[in-house]
Each structure stands twice: as C-alpha cells, then as structure tokens.
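Following: one structure in structure tokens, then a few remarks.
The values are calculated or read from the model by the stated rules, or taken from the named source; none is laboratory data. Since the model is a prediction, treat every value here as computed from it, not as a measurement. Because the Cβ atoms are built from the backbone with ideal geometry, glycine has one as well, and the counts that use them run over all protein chains shown.
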Amino acid sequence: MNNKWLLPLLFAAMLAIAWFTSSTTLEIVATTTGLLSVWLTARQNIWAWPVGLVNVGCFFFMFLEVKLYADMMLQVVFFVLSIYGWIVWLTKREGAKVRPTRNLTKPLAILLGMLAVAVTALWGYLLHTHTDASIPYADAFIATLSLIAQFLLSSKILQNWLVWIAVDVLSVGMYFYKELYTLAFLYVIFLGIATSGYVSWKRDYDRAVKGGTTLG
C-alpha cells in the first residue's frame, strides 16, 4: 500500500484488460474511479468520498445496461451513504485528519445479520417475480452485503473490510459470469486492497485503543 508505483501499475493493468476485452468507456471510467476510491479509503483519505460519488454515478448507468437491477438501485443508496460518510469522517476527529476507527458492537452485528437475511430474501423475490433480472437472488445477496459494508464504512467501523472481502469474492464470480471481465479483474484488486485495508485499520485501531483515543 505504500509503494508509490503500485497504483499506477494497477491502473495500467486494468486499462490493458479493458482494451483486450473491448470494454466500454463507461465501464473503464467506472472501474478506474472505483479503484481510486477504494485505494483512498484504505488509506483513510477523505478524497475517497468525492471520487466515490463519481464512481457511483458511472456504476448506476452501467448496471442498468446489463440488467443487474439490484446493483443499479444500490448505487442510489451508495450515493446517500457516501455523503453521510463524508460528513461522519470529518466529525469528532479529535485533532486527526478523519474520525478514529470504531469497533462493531455485538447488538449491531446481530441486527445487521438479521437484516441481511430478510432483505436478501425479499429483494431477490421481487427481482425474480417483477423484473427480467439475470441472477436475482445472487444479485440481491451481493447488493445487500454491499449496502451493509458501505454503512459500516461510512460509520468508520473496522469490520466494514471483512464484509467487503466477502462482497469482493462473490462479485468476481458474478461479473465473470456476466462477461464483465474488466469489472471481475477490478474486484480481484478490490479483494487485495480490502485485505490490506483491514490489516492497516486494525493496526491503527489497536494503537488507538492503547492510547485511549477510540470512539468504541
């Protein structure tokens, strides 16, 4: 994550994949802004949020084209959560550039787990019965997990990365199935960044706990 050449190399690799797979301009912009946003997020850089808003807009129209409606609708919520996260990260900073990382509480974990099951079942059913969605239940499950991960990220909660890791693994399979190869490759990169992000945030959180500066 500290290697200054790694991000340019990843961009170059993605552009090469895009060229070989004849990806659309929209897909290229979506994947590159997505990569930059996740990269900045793992580094706890506040610029992750404005870049993320551009990324959300691109993904909305891209998912509309390939009939992944759960993912498309998810971008609207992501837009709202990104604005929320931007605000949260800039409050209660205690002298730091962004708000200190918090730990997931057990009651919230249980609530989110129950919501994941209920929302996936309902969303998948609605997509299956009322749309021509390609893979409704898988789409709904990944979308629901993404929503939970984004909420945790916006709230500056450490375990958002663990949920994102699950999302990334599942997304690689889904996008490969849909022949969105540039996106599939992007999520392989996301998986690596999410793993690194968790390690980095956990190290900072543990250091803050010892210093008595965490919020929970």
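Listing for the model above:
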| read-out | value |
| --- | --- |
| Close pairs (6 angstrom Cβ cut-off, 6 or more residues apart or separate chains): touching a residue at least 24 places away in the same chain (Cβ under 8 Å) in the stretch 171-192, outside any helix (DSSP H, G or I) and among the polar types (S, T, N, Q) anywhere | Y181/T21; T182/T21; T182/S23 |
| Selection status of T182, modelled with pLDDT under 90, under 21 Å from T31 (Cβ atoms) and polar (S, T, N, Q) | yes |
| Sole residue being closer than 24 Å to D139 by Cα, hydrophobic (A, V, I, L, M, F, W, C), surrounded by fewer than 16 Cβ atoms within 10 Å (Cβ to Cβ) and at pLDDT below 85, chosen from L26, L15, L68 | L26 |
| Test: F141 is crowded, with 21+ Cβ neighbours inside 10 Å and either in contact (Cβ under 8 Å) with a residue 24 or more places away in the chain or not in a helix (DSSP H, G or I) (or both) | yes |
| Conditions (1) over 19 Å from K202 (Cβ atoms); (2) of a type in the set (G, A, S); (3) in a helix (DSSP H, G or I); number of the one not met by A109 | (1) |
| Count of the stretch 168-180 residues which are surrounded by fewer than 18 Cβ atoms within 10 Å (Cβ to Cβ) and either of a type in the set (S, T, N, Q) or in a helix (DSSP H, G or I) (or both) | 5 |
| Criterion violated by A133 - all others in (1) outside any helix (DSSP H, G or I); (2) over 19 Å from the mean Cα position of the chain (by Cα); (3) surrounded by fewer than 19 Cβ atoms within 10 Å (Cβ to Cβ); (4) not β-branched (V, I, T) satisfied | (3) |
| Complete set of residues in the stretch 44-96 that are charged (D, E, K, R) and part of a helix (DSSP H, G or I) | E65, D71 |
| Search result, residues across the stretch 156-167 that are under 17 Å from K106 (Cα atoms) and surrounded by 18 or more Cβ atoms within 10 Å (Cβ to Cβ) | K156, I157, L158, Q159, N160, W161, V163 |
| First in the stretch 147-167 and without any contact (Cβ under 8 Å) to a residue 60 or more places away in the chain and closer than 14 Å to S200 by Cα, second anywhere and of a type in the set (A, V, I, L, M, F, W, C) and not in a helix (DSSP H, G or I), Cβ under 8 Å, 6 or more apart | I157/L104; L158/L104; Q159/L104 |
| Residues of the stretch 48-76 that turn out to be among the aliphatic types (A, V, I, L, M), touching a helix residue (DSSP H, G or I) at 6+ places or on another chain (Cβ under 6 Å) and closer than 17 Å to I148 by Cα, as a count | 4 |
| Residue check, L183 in contact with a helix residue (DSSP H, G or I) (Cβ under 8 Å, 6 or more places away or on another chain), assigned to a helix (DSSP H, G or I) and farther than 23 Å from G34 by Cβ | no |
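Rundown of residues vs (1) more than 20 Å from the chain's Cα centre (by Cα); (2) on the phi < 0 side of the Ramachandran plot, yes/no style:
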residue	(1), (2)
I87	no, yes
R99	no, yes
K106	yes, yes
I110	yes, yes
A138	no, yes
A143	no, yes
K156	no, no
D168	no, yes
G173	no, yes
